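Read the figures in this text as sums done on the coordinates, not as results from a lab. Every value quoted in this text rests on a predicted model; they were computed, and no experiment measured them. Here the Cβ positions follow ideal geometry from the backbone for every residue, glycine too, while neighbour counts run over all protein chains shown.
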């Protein structure tokens, strides 16, 4: 029996088991094929970017490790991302930060224009993928005293306001050129290492700065503004201006999409339990799926309980069309391309597991308050062979099945990464 025959046979056996509990496996795979994961560029080079690559990484961020092969040019980063995408089923998106402009000009963050990202758009068209975007409010001399948009000095605020406005035009350009909205995420690291006297004024300044940035109406056919909270960062342990509560109020009152990052909350706090609440008040949501370890740590996502709960919540709430899914981690201790592949494939696996659940039937059991049956069924369903369905999906998408992709990564490391 050939490997191809084995994959198909295992799939047919699994399909029969899932069909017995009322799951449409073929329908689940059709849905999964359409879901785009936004793969983040900064895993490929440890968040350095190309505008000011020699600057110290600031803004409460730290990437550790010196594994060989980090990308040092836009061409190298595109090549690495392209390799990762070739090992991931489906067509997805690539998420760029403003510091990843590809230009020979000496350009600052308050001067960037769509033309500085033209090569990225051309590449995205060739790869048949979308692009997302992020203004970069860190790793810059104008990140002063731990503040940007909330700084008391108007000149500092004006610099960053101009940067934010230009970032929106770049994201709009992505959407127009690629025929799909570019999610443009605003994360601002402003905060204090120790307890401040005045928590209100910086938040008022941040609110006013964001209002100015968003003053121009741009169609969501091209770009969707998202705003991301954070609990703390290195150097901002005691107080972060852009807290979850701040952005909940701002997003709901201003009609902006709220982005929740899995690593931006208290150690015992999870975003899976917040999705349903926010979905009642907002037409769209965005997630940065990461893996916190104790405090805020952007580790490569694994198939842990929270990843699966996040995806279940999206599927069970029928929120797939309203939720944009992006990844956010950076690990320089391992092969950076492998980290991308592990992360995206795990996100897809967790989505598949959620899609293979007989959600409607389980909801009926719950509505009857039969909690015994609910527990028994959900636990037994965990043993069903979703892995055989995943292997078949990879096979049909013409990407490596099982561990076969890792050999390609090892070859790429030997042939490309180790020669940099």
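Odds and ends about this structure:
- Full extension of the chain between residue 217 and residue 371 gives 50.6 nm of extra length, using 0.36 nm per residue less the Cα-Cα distance.
- Kirkwood hydrodynamic radius of the chain, from the reciprocal of the average inverse Cα-Cα distance over all distinct pairs: 22.4 Å.
- Taken over the stretch 267-356, the convex hull of the Cα atoms encloses 92 Å³ per residue.
- Global form of the stretch 174-331, assessed from the alpha-carbon gyration tensor, a/c cut-off 1.5: oblate
- Residues 342, 389, 156, ranked from the fewest to the most other C-beta atoms within 10 Å, line up as 156, 342, 389.
- Treating r as the C-beta distance of residue 20 and residue 268 and R0 as 41 Å, the FRET efficiency rounds to 0.60.
- Scoring 179-187, 71-79, 32-40 by mean Cβ neighbours within 10 Å over their residues and listing the highest first yields 179-187, 32-40, 71-79.
- Residue 398/residue 193 FRET efficiency (R0 45 Å; Cβ-Cβ; nearest 0.05): 0.35
- Alpha carbon centroid spacing (whole Å) that separates the stretch 328-379 from the stretch 227-244: 28
- The long axis of helix 244-254 is offset from the longest Cα principal axis of the chain by roughly 90 degrees.
- Crossing angle, helix 200-213 versus the chain [Cα axis fit, 0-90 degrees, rounded to tens]: 80
- Of all DSSP beta bridges confined to the chain, the antiparallel ones make up roughly 15%.
- Prolate/oblate/rounded call for the stretch 315-420, Cα gyration tensor, a/c under 1.5 rounded: prolate
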